[in-house]
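Comments concern the structure below.
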Amino acid sequence: MATRWNRRRLVATFVVIGVISLLYLQHDSGALAPWDVPPSDIRPPGPPIPPTQEQPAPTPYVPGPPTPPPLAPPPSPPAQAASPPPVVSSGKFHWSTLKLHYPIAPEQIKPLPSASPEMLRAIPKIQYEFGAETAEAKRVRLERLAYVKANFTHAWTGYKTQAWLKDEVRPIKGGGVERFGGWAATLVDSLDTLWIMGLTSEFEEAVAAIDKIDFTTSTEEEVNVFETTIRYLGGFLAAYDLSGGKYPSLLQKAVELGDMLYVAFDTPNHVPIARWKYGEARKGVSQKASRMALVSEPGSLSMEFTRLSQLSGNAKYYDAVQRVMDLFADQQDRTFIPGLWPVTVNTEQGDFTGGSGFTIGGMADSLYEYLPKEHLMLGGASDQYRTMYLKALAAMDANLFFRPRTKSARPMLFPGDKTVGRNIVAAQVATDMETARQLVEGCLWGYENAPNGIMPEIMEVSPCPRAEAECVWSDKDWYGDVRRKSRLASTTKDKDGAVDVAAIVEAENLRPGIARYDDTRYILRPEAIESIFVLYRLTGEATLLDRAWAMFEAIVRTTTTPIAHAALKDCTQTDPRASMVDSMESFWLAETLKYFYLLYASPDLVSLDEYVLNTEAHPLRRPRARSYKQRTATNHRHPPAHSQPHATPTPPRWTRRDVFQWTLSPSAHLLTLFLHHAVILAAMALPLPPGITPAEVSFLCEMELVTVVPRQRLDPIHLLGGDTPPLRPPHRAVLPLWLALLLKRQRRASIVAPPWLHPSSLQELVRIETVGSSSSNNNNNNNNSGGTEDASMFAPPPPPPRRADGRGGAHAYGPTVSPPFLPSATADAPAGYLPYHWLELAEILLAHAPDDLPAPPGDVRGLLRDLAEARAAKVRQLAVAAAVASTGTSAHLASSSQLDSPPLVNLRGIGAMELAESRGLVTAVHNGVRRLGAAAEASRRDDDEAQLGDGSHRPGGQDYDDDDEDEDMGI
């Protein structure tokens, strides 16, 4: 989702008051409406008046400095904090009273690290020292600030009048929708934005409403622990920090929620459950983490839980996340790309090393974001998080950043994905700050080069060749990329039958440098403006203000509705407003508008020297030494203003080599972490090239055919792939899985589990995988007495099914049927075979149709886990066996000529998800052995030369030259 920072506080109360009084917080109770802010040439027309409200009387807008609000003193430091009394939402149950299955003994709870005053004083200032601004620059800035605030007020009013206490508002039709537990996600997510914009009366109204939120009930069967933590827990804590502890109910609600989320860590290895069936946990059912989770889900909880421990005085929350992060630290150097963690991890086993897909975009971004932020949250008392982040950033530079081929003369970088064995990197990076600038430039290019000034979710751009001199623009190369990537290439031809690239460019509204749009949505995301905000606060580059304003104008022009702001299904079409989607996620108010507001506000408002923002843009107060805060107060005795225009500051010349050889001063190290953070912020905002992820494999699985028992009559549905059969209860029918799931959710049908998913079939399959098929099949068909060879093979895939011919016979399916989607998961499929999508199909049925399974879901899940582990071990065994076989029988490793044709690895029977996860392993093992073999061959030749003396002939009279060696070494 997003990116931010983090911190806490251990300073005397009177010092905190002195510093917070310098913050520029607007504090007027009535917000300016969009139509109250002149002039029209600065911004587009504002959003229309919500139909449910009377138009307020316009008030004249007079530019001037915002009025700082009277802030309450901040809460006491953690050393003096006492845990507030629990708030029992329903009066009948509280999560803190639940008996845990795997409790942590009090003496084993990890205490919060204590930062000494010297450690705190060693942390340098992070923000740029802004100078004086001109009167004209101030006028423009304040007008923009007011207009951003007016748009926030417009959307907040729509939520308050149409969907109060609902998770989200429908910005087109009106009304509310529940997506995050039914706990008023937009309200909680927006608390700190209300305070930052000085909307005190609205803030207090929202704080009073949180008492109605009941965390003992939910509208969802599963709780997303990650989203609940960053949106709800982060929202409560940030509002409490910003308001100086004046509203104790915010901390009480945070403790109540923290106690609920703490139960998600009650697993055998204390790794939290990503998608948590908390209703079962409340009943006392034992639980364990899932076999597969996105790496960001267990890895992005540290900031909020640490801050909760600091404010409540209860170290159990910090202990819970620290145990998980210790696992990440222990396994960081054991992945396929040392320093990075794969996108998917096995949380049940606590194994974060097995996956082969790597990214710093969605699904992984916040893990890397939280490493430097947690370092600051702990006041620099632990080097663990700094060390982890420096390792990760080095791996990013070496593997994920690439330079796109564009018409722009500005240098820019894009982040990419990498699957082990496939590299898309095109350039190395010189300095941290230069990397940050170029990545932010990539964000801005994505908006400025877009058809309507808005960058879509996913688009494909072409990387430059590795040689910098070769990275020049060429229409021919761009057209070639479009021809290769476009989905219209097979249907768009000119009169000579060649692909008409110009027609494709026009039809898809492509801009130079963009080869294809893979996802044209815009869902009001904040990542791009967040990266610009951070870079601006670090460097003071005034040009960023105008370029960001063009982004804001484009966004509000195309997304504003009479109620709020709506997402877009296609932001690349000529009229993007025609593709509005009736959705406004809470991060529009919590993040996007907050970052735009902070960009044009005083730099002291939520200063990066005072707060660190979590991945949902919630500012958490960080600890500071008293002398540092006094020094800051002295330096900012007069309110700092923006410096526009001003000379572009010269960034420090810190190279990557300096950082990793630890030649900088301690202060420089900490500032470098923030430069690193600017890098990751920009990288996460950019579109990523597509790849086969576990989620995409699961999506493909939904084309599998399954059997349903309908509960209602339904006529055939006309689909592109053919008509569905008519549904006539109680007769069974075969449907695609996606349609069966839809009918299941609507309670119009039940799904018949395939025979291989029955416990008896799974037990037999586990036995076949672990012992060998010789005992289960006819022994005469097996030449191995012990079944050793069979034990190393996968259970065979199902035989091709046959289609009934209507006359009592059957014949094979024709060549038009794709093998992965043969009806091998229907009710009449063979029981002793696993279909191609067996793993993801089973996970989907467990998640969405557990009541249709032939046995308790826990039993089925346990058997599936045993089966998956046995087959995963075989993948590793096959990879090693192939490597050993390729070395031959000699004492030396195989020569490169032997390794050029390694023995085939028999993967017959492997599933789609298994193949996606193991492809990198097999490739990496083969490449590693090939390199070792080439090195051994070179060493042997050196020995031969030394024995002969002149090195001109090898034994046996065969000549060779240095080119042979270079070829073997892969040069």
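What the table shows:
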{"read-out": "Total residues in the range 346-373, condition among the hydrophobic types (A, V, I, L, M, F, W, C) and at pLDDT 90 or above", "value": "2"}
{"read-out": "Cβ-Cβ under 9 Å pairs, at least 6 apart or on other chains, the range 282-302 side over 23 Å from ALA872 (Cα atoms) and free of Cβ contacts under 8 Å to residues at least 24 places away in the same chain, far side part of a helix (DSSP H, G or I) and among the aromatic types (Phe, Trp, Tyr)", "value": "none"}
{"read-out": "Residues of the range 545-601 that turn out to be free of Cβ contacts under 8 Å to residues at least 24 places away in the same chain and touching a Leu at 6+ places or on another chain (Cβ under 9 Å), as a count", "value": "2"}
{"read-out": "Residue within the range 573-589 that is under 19 Å from the mean Cα position of the chain (by Cα) and either outside the structural domain of THR153 (by TED's automatic domain parsing) or not in a loop (DSSP other than H, G, I, E, B) (or both) present", "value": "yes"}
{"read-out": "Filter result (assigned to a loop (DSSP other than H, G, I, E, B) and within 20 Å of ALA872 (Cα to Cα)) within the range 345-372", "value": "THR347, GLU348, GLN349, GLY350, PHE352, THR353, GLY354, GLY355, SER356"}
{"read-out": "Complete set of residues in the range 119-168 that are part of a loop (DSSP other than H, G, I, E, B) and surrounded by 23 or more Cβ atoms within 10 Å (Cβ to Cβ)", "value": "ILE123, ALA163, ASP167"}
{"read-out": "Test: residue in the range 281-294 that is in the same structural domain as GLY361 (by TED's automatic domain parsing), within 26 Å of PRO111 (Cβ to Cβ) and touching an Asp or Glu at 6+ places or on another chain (Cβ under 9 Å)", "value": "yes"}
{"read-out": "Matching residues, the range 169-195, being farther than 10 Å from ALA564 by Cβ, part of a loop (DSSP other than H, G, I, E, B) and either among the aliphatic types (A, V, I, L, M) or not assigned by TED's automatic domain parsing to the domain that holds ALA564 (or both)", "value": "ALA184"}
{"read-out": "Helices (runs of 4 or more DSSP H) enclosed by the range 248-344 - at least 2 residues per element that are buried (at least 22 other Cβ atoms within 10 Å of the Cβ)", "value": "248-262, 296-299, 302-312, 316-331"}
{"read-out": "Residue among PRO710, PRO694, PRO690 that alone is modelled with pLDDT of 50 or more, surrounded by 14 or more Cβ atoms within 10 Å (Cβ to Cβ) and under 30 Å from TYR517 (Cα atoms)", "value": "PRO694"}
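The rows are residues; the columns are (1) under 24 Å from MET292 (Cα atoms); (2) part of a loop (DSSP other than H, G, I, E, B); (3) out of contact with any Lys or Arg (no Cβ under 6 Å at 6 or more places or on another chain); (4) not aromatic (Phe, Trp, Tyr).
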position	(1), (2), (3), (4)
GLU696	yes, no, yes, yes
LEU700	yes, no, yes, yes
GLN712	no, yes, no, yes
HIS731	no, yes, yes, yes
VAL734	no, no, yes, yes
TRP738	yes, no, yes, no
SER750	no, no, yes, yes
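The values are calculated or read from the model by the stated rules, or taken from the named source; none is laboratory data. Note that the structure is predicted; figures quoted are calculated from it, not measured. In this analysis, Cβ positions are derived from the backbone assuming ideal geometry, glycine residues included, and neighbour counts consider all displayed protein chains.
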